[in-house]
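Student: Below you will find the structure I want to go over with you.
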Amino acid sequence: MENFDFKSKIESVNNPEILKNLLFQLFEKVENLESRLKPLSKENPMRGVQDKINRLDQIKHSITEISERMKRPYVITAELQAVKDVLDILAETGDCNSVILEGEPGTGKTQWAYSEVGQELQDGKDVSLIHVRVKDTMRASDLLYSIDDVRRLSDAQAKAVLPPDIRDEANFWKQKILNGDIKTDDAEYKIFRDKMNAVTELSEVGKDLEYINYVDLGPLGEAIYQSSLGKKVYLLIDEIEKGREELMTGMLDEIENLQFTIGETGTQIKGDKRNLRIIITTNTEDSDKIPSSFKRRSLYHFIEYPQRDDMAEIVKLNFSNIQENLLNYALDVFYAYHDNDELQKKPSTPELLAWIKVLLKTQNKIPDGVPHKEILLKYLDDQNIEIDLFVKDSQKIPEKSFNKLSRAEFKAFSGEPVYGLNSDINNPNEVAKFNDFFTALHNKGISYYTPEFSEYDEWDNDQGDYIKEKRLENEFQIISPGIEYLGEGYYIINNDKLDIMKDVLVSKFKVIEKKDFQIDSIISKSKDITKANIIWEENYYENVTINNDGIALLELEFQVL
Amino acid sequence: MRKTKILKVDEKKITPKLITIINDLKKKLDQLESEVVSLEQNKNN
């Protein structure tokens with residue numbers, strides 16, 4: 001189990017005493033259970049014990065999350081608020097009730113769920129939050145339910161008047177299950193189980209021993225069950241990319257249909273889509289591990305990492321007294337590291353905030369170098385990487401440097417159908433021609449942001465006066481299952497959604513195998529990509545991206561096939 | 001580029017939900033404890 005510094009986490013919480021006390025109680029209980037489970041698991045790698053350790057670990061994780069949450073104000077972006085509104089509408093109509101949030105660590109994916117629940121409670125609604133932190137050992141069936149056979153056998157021995165031979169045999173099977181020698185669907189065990197059932201059914205305690213009393217619902221099972229009772233539930237499936245593919249495909253049906261059967265009792269549980277919201281988070285680096293069948297069934301939202309201006313706001317919300325020059329210094333250092341691809345682990349928002357907290361306490365002027373680097377950078381190798389803080393703005397690396405694949409390119413290389421949108425849609429002078437398209441989206445019930453513009457005065461030399469100009473504030477963006485926004489006007493669009501979009505698409509990415517094209521001349525070369533002019537099918541293409549495997553990517557004019 | 005608007009969530013709105021979440025966790029821990037008790041009994045038998 002990971003090292004978990006509970007006490008310091010809780011002590012630094014600055015919320016009301018009552019919350020702190022509650023957390024302390026939980027903390028003591030967790031510690032106590034941990035110390036009791038440890039000797040049990042050492043003696044015997046018992047299946048039942050491992051399950052309990054896993055559950056305890058999940059609870060611990062939730063407590064950390066809460067104490068983190070209590071340490072600083074939570075900031076939610078208008079963007080996420082909009083996603084939530086769309087999800088609510090789709091869930092009400094029964095169309096879709098899950099959303100995948102993708103983003104770097106520290107973009108607030110997890111905290112979003114907590115914050116949503118908070119707002120609903122404030123409105124007087126009865127809601128709950130079930131938080132699953134995905135691990136690679138998890139099986140889809142664990143998420144639904146498990147049967148505590150050991151407890152049932154013990155109860156049968158203690159409560160029922162069992163014939164001696166059955167009592168002894170119960171002991172035998174109990175040990176087998178505890179030792180992990182057999183699974184509870186073992187054929188021979190099942191025969192014994194039926195025999196014992198037959199005996200106990202005749203006795204007074206038969207009812208107590210019914211399987212339904214020994215069902216432990218897993219997080220997904222619990223969420224579906226609660227939704228069936230009319231209770232509103234948020235299920236947060238955190239860092240799903242850590243799970244194996246079987247886990248994801250294994251729970252696909254249950255997530256979509258909110259229905260499962262407990263085999264042992266024949267009980268069928270059918271949830272209510274309107275009451276359940278499923279929030280799935282994934283880190284950007286590993287998001288391609290999520291099967292596309294999974295993505296198709298969910299809303300999808302990519303949270304961009306906060307730009308410098310936004311980050312300055314976030315820092316100010318946390319440290320209202322911070323001086324402007326220290327803030328600028330801290331952001332210079334932070335982004336120099338954050339944008340450096342050589343790092344093994346880039347710092348993210350929590351590290352930045354922790355570092356600033358220390359700076360405020362220890363530094364009374366702007367430092368020359370980077371003190372307390374270890375807070376920002378977890379690896380020794382990373383700490384040895386020098387950053388140049390004093391380059392002029394004009395010399396800074398552009399936001400999207402050429403040695404990195406764009407998100408759209410990355411997805412296209414992985415075989416996703418990536419399309420480019422007509423950029424006129426974000427042009428204030430052209431946007432009017434898309435009105436029919438917006439109406440069509442509206443009629444089909446597809447949610448989107450309309451592009452938003454603001455007006456400003458610009459000096460016009462020819463006229464010798466100020467004229468009104470328009471500037472783009474919010475880009476057009478679709479929020480819908482089956483359409484995944486990649487930023488910069490690119491989308492992954494599933495085939496069934498192509499028809500609606502065809503009038504606004506202008507290009508599609510095409511992957512060209514090494515043997516099918518020739519390089520005419522190389523423009524630039526970096527660690528991961530080469531930019532070159534190439535010849536493919538007798539046509540000349542300029543400035544084409546080629547990856548390390550020698551595969552080229554063309555952005556071709558879109559034609560409906 | 002889209003400009004992200006930042007909204008600060010009201011702490012007062014968060015506190016009651018945290019209490020509920022903490023209470024839920026407490027219930028889960030209680031359940032876990034009763035299961036641990038039965039495991040310990042099993043071990044002793």
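The values are calculated or read from the model by the stated rules, or taken from the named source; none is laboratory data. Computed from a prediction, not measured in an experiment: that's the story for all the values here. Here the Cβ is made from the backbone with ideal geometry for all residues, glycine too, and neighbour counts use every protein chain on show.
Student: Working carefully through the options A:ALA336, A:ALA354, find the one that is away from chain B (no Cβ under 14 Å), among the small types (Gly, Ala, Ser) and without any contact (Cβ under 8 Å) to a residue 24 or more places away in the chain. I'd like the intermediate steps shown before the answer.
Tutor: On the way: A:ALA336 fails: without any contact (Cβ under 8 Å) to a residue 24 or more places away in the chain.
From the options A:ALA336, A:ALA354, the qualifying one is A:ALA354.
Student: Regarding region A:166-179, can at least one residue be identified that is assigned to a strand (DSSP E or B) and either among the aliphatic types (A, V, I, L, M) or within 14 Å of chain B (Cβ to nearest Cβ) (or both)?
Tutor: no
Student: Could you give every pair whose Cβ atoms fall below 7 Å, whose first residue belongs to region A:526-549 and is closer than 17 Å to A:PHE509 by Cβ and touching a residue at least 24 places away in the same chain (Cβ under 8 Å), and whose second residue is loosely packed, with under 10 Cβ neighbours inside 10 Å and of a type in the set (Phe, Trp, Tyr), counting only separations of at least 6 or pairs across chains?
Tutor: none
Student: Working only within region A:517-543, note down all residues that are outside any loop (DSSP other than H, G, I, E, B), surrounded by fewer than 12 Cβ atoms within 10 Å (Cβ to Cβ) and acidic (Asp, Glu).
Tutor: Of everything in region A:517-543, just one residue is outside any loop (DSSP other than H, G, I, E, B), surrounded by fewer than 12 Cβ atoms within 10 Å (Cβ to Cβ) and acidic (Asp, Glu), namely A:GLU542.
Student: I would also like to ask the following. Does A:VAL506 satisfy the condition of being assigned to a strand (DSSP E or B) and more than 30 Å from the chain's Cα centre (by Cα)?
Tutor: Values: assigned to a strand (DSSP E or B): yes; more than 30 Å from the chain's Cα centre (by Cα): yes.
It is true that A:VAL506 is assigned to a strand (DSSP E or B) and more than 30 Å from the chain's Cα centre (by Cα).
Student: Quick one: which residue in A:ILE492, A:ILE467, A:ILE479 is at pLDDT below 85, in a strand (DSSP E or B) and crowded, with 18+ Cβ neighbours inside 10 Å?
Tutor: Values: A:ILE492 fails: at pLDDT below 85; A:ILE467 fails: crowded, with 18+ Cβ neighbours inside 10 Å.
Among A:ILE492, A:ILE467, A:ILE479, only A:ILE479 is at pLDDT below 85, in a strand (DSSP E or B) and crowded, with 18+ Cβ neighbours inside 10 Å.
Student: Still on this structure, I have one more. For residues that are in a loop (DSSP other than H, G, I, E, B) and surrounded by 14 or more Cβ atoms within 10 Å (Cβ to Cβ), tally how many sit in region A:544-561.
Tutor: First, pick out the residues of region A:544-561 that are in a loop (DSSP other than H, G, I, E, B): A:548-551, A:558-561.
Going one step further and asking which of them are surrounded by 14 or more Cβ atoms within 10 Å (Cβ to Cβ), we end up with A:551, A:558.
The total comes to 2.
Student: Condition first: out of contact with any helix residue (DSSP H, G or I) (no Cβ under 7 Å at 6 or more places or on another chain), in a loop (DSSP other than H, G, I, E, B) and on the phi < 0 side of the Ramachandran plot. Can you find one or more residues in region A:141-160 that meet it? Walk me through how you get there before you give the answer.
Tutor: Taking region A:141-160 first, the residues out of contact with any helix residue (DSSP H, G or I) (no Cβ under 7 Å at 6 or more places or on another chain) are A:141-142, A:155, A:158.
The next check asks that each one be in a loop (DSSP other than H, G, I, E, B); those that pass are none.
Checking region A:141-160: not a single residue is out of contact with any helix residue (DSSP H, G or I) (no Cβ under 7 Å at 6 or more places or on another chain), in a loop (DSSP other than H, G, I, E, B) and on the phi < 0 side of the Ramachandran plot.
Student: I'd like the full set of residues that are of a type in the set (Gly, Ala, Ser), more than 14 Å from every other protein chain (Cβ to nearest Cβ) and in a helix (DSSP H, G or I), limited to region A:287-317. Working first, answer last.
Tutor: Of all residues in region A:287-317, those of a type in the set (Gly, Ala, Ser) come to A:287, A:292-293, A:298, A:312.
Those left that are additionally more than 14 Å from every other protein chain (Cβ to nearest Cβ): A:287, A:292-293, A:298.
Matches in region A:287-317: A:SER287, A:SER292, A:SER293.
Student: Give the residue that is farthest from the chain's Cα centre (by Cα), with candidates limited to residues of region A:152-176 that are at pLDDT below 80 and surrounded by 20 or more Cβ atoms within 10 Å (Cβ to Cβ).
Tutor: Ranking the candidates gives A:ALA160 first.
Student: Just for region A:5-22: of the residues that are touching a Lys or Arg at 6+ places or on another chain (Cβ under 9 Å) and part of a helix (DSSP H, G or I), which one is modelled with the highest pLDDT?
Tutor: The residue in question is A:LEU22.
Student: Still on this model: State whether one or more residues within region A:126-139 are modelled with pLDDT under 80 and either more than 10 Å from chain B (Cβ to nearest Cβ) or assigned to a loop (DSSP other than H, G, I, E, B) (or both).
Tutor: yes
Student: When you check B:ILE22 against the structure, is it within 7 Å of chain A (Cβ to nearest Cβ), modelled with pLDDT of 80 or more and more than 28 Å from A:ILE177 (Cβ to Cβ), yes or no?
Tutor: When the stated conditions are applied, B:ILE22 passes them.
Student: Let me ask something else. Identify, please: which residue in region A:95-108 is closer than 19 Å to A:SER293 by Cα and in a loop (DSSP other than H, G, I, E, B) and is, among those, modelled with the lowest pLDDT?
Tutor: We begin by selecting, within region A:95-108, every residue closer than 19 Å to A:SER293 by Cα; these are A:95-102.
Now restrict to residues that are in a loop (DSSP other than H, G, I, E, B): A:95-97.
Details: A:ASP95: 79, A:CYS96: 83, A:ASN97: 87.
Applying the filter and picking the extreme gives A:ASP95.
Student: If you don't mind, another one. Within region A:445-464, which residues are surrounded by 12 or more Cβ atoms within 10 Å (Cβ to Cβ) and either in contact with a helix residue (DSSP H, G or I) (Cβ under 6 Å, 6 or more places away or on another chain) or among the hydrophobic types (A, V, I, L, M, F, W, C) (or both)?
Tutor: Matches in region A:445-464: A:ILE446, A:SER447, A:TYR448, A:PRO451, A:PHE453.
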